[in-house]
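Enquirer: Take a look at the following structure, please.
We did not get these values from a lab; they are worked out from the coordinates using the rules stated. If you're wondering where the values come from, they're calculated on a predicted model, not measured in any experiment. FYI the Cβ positions are ideal-geometry reconstructions off the backbone, even for glycines, and counts take in every protein chain you see.
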């Protein structure tokens with residue numbers, strides 16, 4: 001028989017029949033499919049044990065077949081409660097007895113917070129489901145500098161009372177949040193006011209990226225924009241005063257805007273006024289933003 005392609009192991013490996021697992025083999029790796037989040041780990045296990053070179057797509061398809069879907073709200077909530085703590089809030093708006101807020105943390109996340117409670121990042125993103133609910137995440141930074149989520153919450157709105165409810169749930173679920181020294185967040189007034197109300201002992205650090213972006217929206221002059229970002233990031237107060245004087249000479253409108261809206265709370269966003277604030281070197285909530293992008 002004459003083949004119109006080279007007959008080699010490489011071509012055989014690419015054939016689905018060659019790498020297909022038997023029913024018994026699938027049953028043996030089912031616990032690994034349910035527990036492991038690494039496709040590479042599953043691929044290596046199958047290669048070592050069964051001498052079959054499966055692909056990432058094969059792993060994805062097997063995970064989809066193993067994981068059973070949950071359709072009803074009751075089943076979903078029972079599943080979440082079996083993994084951690086779940087809190088719900090019902091309101092009469094927009095209709096009677098409607099679920100408007102959900103807060104959830106797994107037991108692993110609760111233990112993770114106890115290990116790294118000092119600095120917590122908080123941020124929200126909108127339109128994460130068909131009901132257009134906002135998703136809030138609270139993250140801690142581990143020993144490797146990675147952002148690790150410790151709490152999820154969904155709300156219909158992002159008002160102060162919604163964020164206060166989330167942070168109250170955070171205290172109840174974690175049982176003790178007094179060791180949290182700093183909250184890193186963007187410039188949302190609802191989040192700032194809620195943290196001041198629920199965690200008065202903690203410092204508030206506004207994300208330097210969001211602050212710079214808010215400043216730069218007030219001018220088109222690239223030189224002024226450069227000095228505005230320096231104003232946020234400089235480490236010495238003498239530099240801060242110098243940059244502010246330069247900005248005042250270059251653009252009086254921007255200077256008035258800063259004095260009216262930002263200078264009275266410069267300890268929240270200016271690095272040189274945060275000498276005694278613990279941040280672990282992180283002055284942005286980019287870790288939360290990155291997690292939101294992966295979800296969307």
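Enquirer: Could you check which residue among 78, 48, 93 shows the biggest mean-square fluctuation in a GNM of the chain with a 10 Å Cα cutoff?
Expert: Among 78, 48, 93, the largest mean-square fluctuation in the Gaussian network model of the chain belongs to 48.
Enquirer: I've got another one for you. Assuming R0 = 45 Å, what is the FRET efficiency of residue 107 and residue 252, from their Cβ-Cβ distance, to the nearest 0.05?
Expert: Details: r = 56 Å, r/R0 = 1.24.
Approximately 0.20, to the nearest 0.05.
Enquirer: Same structure, new question: Can you tell me the orientation of helix 160-174 relative to the chain, as the angle in degrees between its alpha-carbon axis and the longest Cα principal axis, to the nearest 10?
Expert: 60
Enquirer: Here is a further query. Could you check which residue among 121, 131, 147 shows the biggest mean-square fluctuation in a GNM of the chain with a 10 Å Cα cutoff?
Expert: 131
Enquirer: Roughly speaking, what is the stretch gain from residue 99 to residue 143, that is 0.36 nm per residue apart minus the C-alpha to C-alpha distance, in nm to one decimal?
Expert: Difference between extended and current length: 12.1 nm.
Enquirer: Calculate the all-directions average of the projected area of the chain's alpha-carbon convex hull, and give it in nm². Mind dumping the intermediate values first?
Expert: Details: hull surface 94.6 nm².
The Cα convex hull of the chain, projected and averaged over all directions, gives 23.6 nm².
Enquirer: In a solvent-free Debye calculation with one equal scatterer on each Cα, what is log10 I(q)/I(0) for the range 96-217 at q = 0.22 Å⁻¹, listed in the order of the q values?
Expert: Taken in order of the listed q values, log10 I(q)/I(0) reads -1.38.
Enquirer: Report, to the nearest 10°, how far helix 222-233 tilts away from the longest principal axis of the Cα atoms in the chain, using its own Cα long axis and a range of 0 to 90°.
Expert: For 222-233 against the chain, the angle is about 80 degrees.
Enquirer: Right, here's the next one. Obtain the nm distance between the two label points defined at residue 38 and residue 53 by a simple spin-label model: each point lies 7 Å from its Cα along the Cα-to-C-beta direction.
Expert: Label-label distance for residue 38 and residue 53, simple model: 2.1 nm.
Enquirer: From the convex hull of the Cα coordinates of the range 148-279, what is the mean projected area in square nanometres?
Expert: Projected over every direction and averaged, the Cα hull of the range 148-279 covers 9.1 nm².
Enquirer: Taking 0.36 nm per residue of sequence separation and subtracting the Cα-Cα distance, how much length would be gained by fully extending the chain between residue 242 and residue 261, in nm to one decimal? Write out the running numbers ahead of the final one.
Expert: On the way: separation 19, 0.36 × 19 = 6.84 nm, distance 1.93 nm.
That pair, residue 242 and residue 261, stretches by 4.9 nm at full extension.
Enquirer: Still on this structure, please answer the following. So if R0 is 41 Å, what FRET efficiency would residue 21 and residue 178 give, r being the distance between their Cβ atoms, rounded to the nearest 0.05?
Expert: 0.20
Enquirer: Related question: Nearest 500 deg cm²/dmol is fine: what mean residue ellipticity at 222 nm does the chain get from its DSSP H runs of n ≥ 4 alone, each adding -39,500 (n - 2.57), divided by its residue count? Mind dumping the intermediate values first?
Expert: Numbers: 14 runs with 145 residues, N = 296.
So the helix-based figure for the chain works out to -14500 deg cm²/dmol.
Enquirer: Here is a follow-up. Can you give me the three principal axis dimensions of the range 208-273 from its C-alpha atoms, in Å, biggest first?
Expert: So the extents along the principal axes, rounded to whole Å, are 26, 22, 20.
Enquirer: With every atom except the alpha carbons ignored, what do you get for Rg and Dmax of the range 173-228, in angstroms?
Expert: My reading of the Cα-based Rg and Dmax gives 15.2, 49 Å.
Enquirer: Where does the range 64-168 land on Rg/Rh, using Cα atoms and the Kirkwood Rh?
Expert: Values: Rg = 15.0 Å, Rh = 15.1 Å.
Answer for the range 64-168: 0.99.
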